[in-house]
1. Can you work out D for segment 259-349 in µm² s⁻¹ from Stokes-Einstein, where Rh is the Kirkwood radius over C-alpha pairs, the temperature is 25 °C and the viscosity is 0.890 mPa s?
2. Would you rank 61, 282 by solvent-accessible area, highest first, keeping every protein chain in place and using a 1.4 Å probe?
3. Would you mind checking the pairs 238/271; 228/293; 268/293; 100/238; 228/260; 206/268 and listing those with alpha carbons more than 25 angstrom apart?
4. What would the Debye equation give as log₁₀ I(q)/I(0) for segment 320-382 at q = 0.14, 0.25 Å⁻¹, counting only Cα atoms as equal point scatterers?
5. Run the Debye formula on the Cα coordinates of segment 289-342, all scatterers equal and no solvent, and tell me log10 I(q)/I(0) at q = 0.13, 0.23 1/Å.
6. Once phi is turned into ³J(HN,Hα) by the Karplus curve 6.51 cos²θ - 1.76 cosθ + 1.60 with θ = phi - 60°, what whole-Hz value does each residue of segment 264-269 show in order, with x for glycine and proline?
7. Students often get this wrong, so check it: of 256/307; 284/333; 256/284, which have C-alpha atoms separated by over 20 Å?
8. Which semi-axes, in whole Å and largest first, does the equivalent ellipsoid of the chain have when worked out from the alpha carbon gyration tensor as the square roots of 5 times its eigenvalues?
Amino acid sequence: MKNKIIELYQKIYNNQPEKVYFSPGRVNIIGGHTDYNGGAVLPFCINMGIYGAVSYRNDNLVRIYSENISRSGIISFHLNELAYDEARGFANYTSGVILKLKENGYSINRGFDIVVWGNLPRGGGLSSSAAFSILMATIINDMEGFALDGINMAVICRQVENDYIGVNCGIMDQFIIANAMKDHALYLEANSLYYEQVPCIMDEYKFVLINSNITRKLVESNYNQRQKETQDLLQILKEHVDIEYICELSPDDYSKYENKISSDVLKKRFKHLVNEHHRVKLSKTALLQRDFKMLGRLLNEAHQSAKDLYEISGDVLDQLVLLARQSGSTGSKMIGGGFGGSTLNLVKSDNLDLFIETFTSEYKRIYNREPIIHIVAMEDGVREI
Ligand code: GLA
């Protein structure tokens, strides 16, 4: 992979890159939409992601080429023209990261030539956009010697999504990609950024990703609508209880305050959030104790809640989850922002071959094509390679 990106760089710019980096995609085991409500999440990084090669230039031009979006060719902008520009397409993440770094006191004066290439399906629910923004932040941080740590980079890249791109996401994706450790999941409380690296020995059980092949861009989906609903819900709750975030409340508090909410929709969002936050804590313990049966149950409950209460699943995702359970998974759920993307399945290692065989034949019967299946392990976050 490293060779491929170096060769590509030489072809595009007729020059050698100075450095090469890799930024992985992420999977969230559990904790759906809790992050922007001050709750906990439990993600890890996978071994698919985005490679980036870079060299300094002698002027203030930034040029970037993506092999995955080769039709756009080389996109360029000057360091003094960092405002969002529709025509810049994906490279808005590059200008956005540079602008937010500048606003945070880290300006750069010299441009770069960058090439990126990745094997993350776009819209596959594996957070290709956070992988890309963290890649950009890491390249600049490292080349410029800014010494920002993974937490600061995550905070800045979240600002890029929220204020520059316009997706009101939480911090989970940026945080895990900047801080992940091999063979660990990361337990993060999004309100305080308190986190723990949770060691996971995945020999008895494996995580299997299945791509629904339904792509969606968060900015176009109902993601922002969910964020807005929960803001409204928080305002109502604040009239009755002294909280800053919905996930400060427990499942017991739900019974206490549910009658203060007149909207059935907001009641459902409320119930999902407090239970999901609680499930993340139980899942962390289950992982530590290697209680995979318990973890599987929690994953199943989380999917049900995402479907019925937060209403972010869809027919295909539900079907994939059902098929996976019928094929022998211990637990299955949708992951990511919702409305498409992938499912995560916990499968006993001894059953893995049979699971894949059964799932594949049933999937082919229904959809008349091969499913996209990846067995994933917990890998390090962004790094120079
Ligand atoms: C997207 C967002 C995250 C998080 C998840 C849902 O991946 O970027 O911040 O809200 O959706 O859990």
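The values are calculated or read from the model by the stated rules, or taken from the named source; none is laboratory data. This one's a predicted model, so the numbers in the text were calculated from it and none came from an experiment. Counting neighbours? That spans all protein chains shown, and the Cβs are built from the backbone with ideal geometry, glycine included. All accessible areas refer to the heavy atoms of the entire protein, side chains included, with ligands and DNA or RNA removed. Shrake-Rupley method; radii C 1.70, N 1.55, O 1.52, S 1.80 Å.
1. Working: Rh = 13.7 Å.
Diffusion coefficient, whole number: 180 µm²/s.
2. Working: 61 30, 282 70 Å².
In descending accessible area the options line up as 282, 61.
3. Values: 238/271 16 Å; 228/293 35 Å; 268/293 27 Å; 100/238 31 Å; 228/260 19 Å; 206/268 32 Å.
Too far apart for the 25 Å limit: 228/293; 268/293; 100/238; 206/268.
4. Each listed q corresponds, in turn, to -0.42, -1.17.
5. -0.29, -0.83
6. Listing the rounded values in order: 5, 5, 5, 4, 5, 4 Hz.
7. Values: 256/307 24 Å; 284/333 17 Å; 256/284 26 Å.
Pairs exceeding the cut-off: 256/307; 256/284.
8. Working: eigenvalues 239, 134, 68 Å².
Each semi-axis is the square root of five times an eigenvalue, giving 35, 26, 18 Å.
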